[in-house]
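Here's the structure, in structure tokens; my notes come after.
What follows draws every value from the coordinates through simple rules; no lab data is involved. No experiment lies behind these values; they were computed from the predicted model shown. Counting neighbours? That spans all protein chains shown, and the Cβs are built from the backbone with ideal geometry, glycine included.
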Amino acid sequence: MHKGTALVGFLFSFLAGAGLVWGIASSSQRHLGAEPAALASGTSPIPITTADPSWGKPDAPVTIVEISDFQCPFCSRATPTLARVQQEYGPDKVRIVWKNNPLPMHASARPAAEAGATVQALGGDFWKFNQLAFAHQQELTQENFQSWAVLAGVDADKFARAYLAKQYASKVDQDIALARRLGANSTPHFFVNGKSLVGARPFEQLKRLIDEQLGLGEALTKSGVPRGKVALELTRKNWRPGGEQNDRQREPSPPPREDTTLWKVPVADDDPVRGSPAALVTIIEFSDFQCPYCSRVEATLEKLMEEYKPDLRIVWKDAPMASHTRARPAAYLARWAYATGGNSAFWAAHDALFASQANLEEAGLRDVAQKLGLRWEQVAPAFAGDKYRSKLDESLALAQDFAAQGTPHFFINGRRLVGAQPYEKFKELVEVGLASARGLVQQGVSPDKVFRELMKSARAAPEPEKRQVPAPGADSPFKGARDAKIVIQEFSDFQCPYCSRVNATIERVLKEYSGDVKLVWRHMPMPFHAQAALAAEAAAEAFEQQGNPGFWRYHDKLFSNQQALGRPELEKYAAELGLDLGRFGQALDARKHKARVERDLAMGNQAALGGTPGFVVNGYFVSGAQPFEVFDRVIKLAMKGG
């Protein structure tokens, strides 16, 4: 753990109470404080300042301004396209500039934008933060912002103080105001030398526009325009009124539409419930006992129960986040209480756990158990044996199905509400739910059957995203059953901490689906991981010399030593595993496996995987170091599909 991380965790808990684009650059590629004077002075219709994260050289003839949102799935989908732009054009021809536009419907987007602005302002590698945020888009939490800031090179304590004080929040406000003036009301929105391009467009479409602008730029340079002013001149020429110029004549753009879909989230027989079975409104709550926002919203829920009793019931779903290491043990204690004493015992445990949220270590849980009259010697075996693991995994899988990974997350008679929203917002949706429920009662539906009737026309969970990648050949390492029905292709990076974290989950998948699953390795070294590419080539040589067994032994050695992947260490590991060091050294010197590694990388980019780790399971896509239940659900879907 980086120095200061523990202190930051405390600060967040105490004070917060209330690739490319992920490959888009190493810190050495950031050109801060070197903007052409014309742009810095604001004479461009799309002003760029030294506070904006930028990749590429300031005098590049094409400037792409990306107006984006860290929680927007379409913005995430656009990142591999920008990665290809970087690879094919390089920093001499294209510059990419980031501006924030967190949409109101995305509860975590604004906090993520402020965290990114803080990383940028404190001199960290914004693009590394960017990569981590998009690769783990369902985990946009304060704890993760802290971790990603440290990985991006920012001092942990400085980040915590600046972020919690909202020291750089004004940068996000400025970006939002600019987006409105430019008419960029949805994300992602790109301006290529001033030409507007909306949405996650295919690479070919962006390429045509870039090539056009490069041709025009070359003509301007030949006519005597300095290279450093080409992008500015083309932006002025390409800019069309209707955004900033007509702002006074336009009515304000309406806010983005809320999710008005009725979602068919099932209620299980063993879900803890508070309120009458005949209640007309059901609030399904996905929550986490260690999450400060989940704790904060409890007063709102209590107030709702008082105001709307007996027309309201609350159904609890466990959704312990991986970053909250004590959330699962706390949930186990509440589950034990439920198993022994039913709903009343669960809600007593629920209240006690939230009241003791600052101390959920074993000693704290012992105290809670004692207050509840539970004998610790009876509770403890449930922890040791993971007695309630399957129930929590089932609940987490359901949360994944309905895109409810962040906590707290609610469905009010099927209507989604994200986060610890104000009381008025809950009240609004409860009133909507009551109106529709009373209409059903007037039609003769019994009150205790209202929720079931509503769910008949509600929308089921969508299937996971799909990605198409070529079938693996004989030159790809694999483990598991050779002719398995299910093939998991893992696109990974030996220097990526999240790729390391997911290994235990993958081993569990292979164990529980023994004989049914084949895992295939694909190299995807990220450009900002300086040692990842050579490590991948070394692993490829291990595969060539010793086949699958040699590759996986070397794979394990690399992940066990992620902080030591230099050339001497790679040779040391090869010697320890009995590889031919002469052949090994020659392969690395000649970059023998470079093309092989780059072929996998290009394949991942072409499939728009967005970052590492990324998995394609018989065509289904799993992004990031997801828990077992996510893979479990996708594998079951793949098995049904043949």
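Brief remarks follow.
- Rounded FRET efficiency, nearest 0.05, which uses the C-beta distance separating T260 from K592 and R0 of 51 Å: 0.35
- Gyration tensor over the Cα atoms of the range 273-456: the corresponding equivalent ellipsoid has semi-axes (square roots of 5 times the eigenvalues, largest first) of 30, 16, 15 Å.
- The trypsin sites (Lys or Arg not before Pro) of the range 347-381 that DSSP puts in a loop, and whose beta carbon has at most 14 other beta carbons within 10 Å, are R375.
- Where labels lie 7 Å past Cα in the beta-carbon direction, separation of E431 and S390 in nm: 4.5
- Annotation for Q370 and T325: the two label points, set 7 Å from Cα along the Cα-Cβ direction, are 2.4 nm apart.
- Charges were assigned to the Cβ only: +1 to each Lys and Arg, -1 to each Asp and Glu. The resulting dipole of the range 273-456 about its Cα centre is roughly 280 debye.
- Cα convex hull of the range 110-161, projected area averaged across orientations, nm²: 2.9
- Stokes-Einstein D for the range 478-641, Kirkwood Rh over Cα pairs, 25 °C, 0.890 mPa s (µm²/s): 153
- Here the 3J(HN,Hα) profile of the range 294-306, calculated from phi with Karplus coefficients 6.51, -1.76 and 1.60 at θ = phi - 60°, is 5, 5, 5, 7, 4, 5, 5, 5, 4, 5, 4, 4, 5 Hz, Gly and Pro shown as x.
- Whole-Hz ³J(HN,Hα) from phi, Karplus 6.51 cos²θ - 1.76 cosθ + 1.60, for the range 631-637, glycine and proline x: 5, 4, 5, 5, 5, 4, 4
- Annotation: amide H-H contacts under 5 Å for V487 (H modelled 1.01 Å from N, sequence separation of 5 or more, or interchain): K518, N618.
- Gyration tensor verdict on the range 259-366 (Cα atoms; rounded if a/c is under 1.5, prolate if a/b is larger than b/c, oblate otherwise): prolate
- Per-residue ellipticity at 222 nm from helix content only, as computed over the chain with -39500 (n - 2.57) for each DSSP H run of at least four residues, stands at -15500 deg cm²/dmol.
- Positive-end extreme of charge dipole, the chain - chosen from L262, S147, S186 (charges on Cβ): S186
- F289 long-range amide H proximity, modeled H, under 5 Å: none
- Segment R438-L637, length gained on full extension (0.36 nm per residue, minus Cα span): 67.9 nm
- Euclidean distance between Cα centres, the range 253-315 to the range 430-462, Å: 15
- Over all Cα atoms in the chain, the spread is summed up by Rg and Dmax: 26.5, 85 Å.
- Highest-first arrangement of 192-201, 418-427, where packing means the average Cβ count within 10 Å: 192-201, 418-427
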